[in-house]
Amino acid sequence: MGAVVGLLTGVVLGIAGARIDERRRLGVTAVAGLGGCAVGVLPALAPAYNAADLPGGMTPMVLYAVSGAVAYGLAVAAVFWVLRAGGDPAARATARTTAIVLPVGAVVATLAGMGSAWLLGFSTTTSTWLVVVSVVLVFLTVTFAAARVLGIRSHETG
């Protein structure tokens, strides 16, 4: 449903003559960063989903910390690589800004996800999972978009 609404909105804006400045690339930055995060957290999601025992008596917190660090690194690298592959002159500045802004955005996204789970009684229903994941994705998307805007500004002034 969301994809259909997005498509229709884009078509209407295109017909109306709205144009997006190609050098902004907010969507590309957000998708690259979210993709890096997704790949980074897969090692934590697979055992959590399967309720599998962790190897060697590893605690879940160690797994989450390692996955978070990998997700952070992959997100920053993905933003740089995708923008660089597109010939973006602000790729390095955006990656640097992402490296600074992402930890703060991740903490805010985590707190927002926990808050939404709390409002829904911490239930394990599918609807609660969808709400929490959606809230976290929105906050991370805003974080990557903000990193891009700040990266462009630092590149232009720099």
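Taken together, the values in this text are just the output of simple stated rules run on the coordinates, not laboratory data. Source: prediction; values computed, not measured. Here Cβ is always computed from backbone atoms with ideal geometry, including for glycine, and neighbour counts include all displayed protein chains.
Restricting the stretch 56-158 to chymotrypsin sites (Phe, Trp or Tyr not before Pro) that sit in a DSSP loop and have at most 14 other Cβ atoms within 10 Å of their own Cβ leaves 122.
Taking each residue as 0.36 nm, the span from residue 104 to residue 129 lengthens on full extension beyond its C-alpha to C-alpha distance by 6.7 nm.
Estimated from the Cβ-Cβ distance and a Förster radius of 30 angstrom, the FRET efficiency linking residue 16 and residue 85 is about 0.45.
Length available on full extension from residue 69 to residue 31: 0.36 nm per residue minus the Cα-Cα distance, which gives 11.8 nm.
Once backbone amide H atoms are built at 1.01 Å from N, residue 86 has no partners under 5 Å, excluding neighbours fewer than 5 places away on the same chain. Summing Lys and Arg as +1 and Asp and Glu as -1 over all other residues whose Cβ lies under 14 Å from the Cβ of residue 80 gives a net charge of +4.
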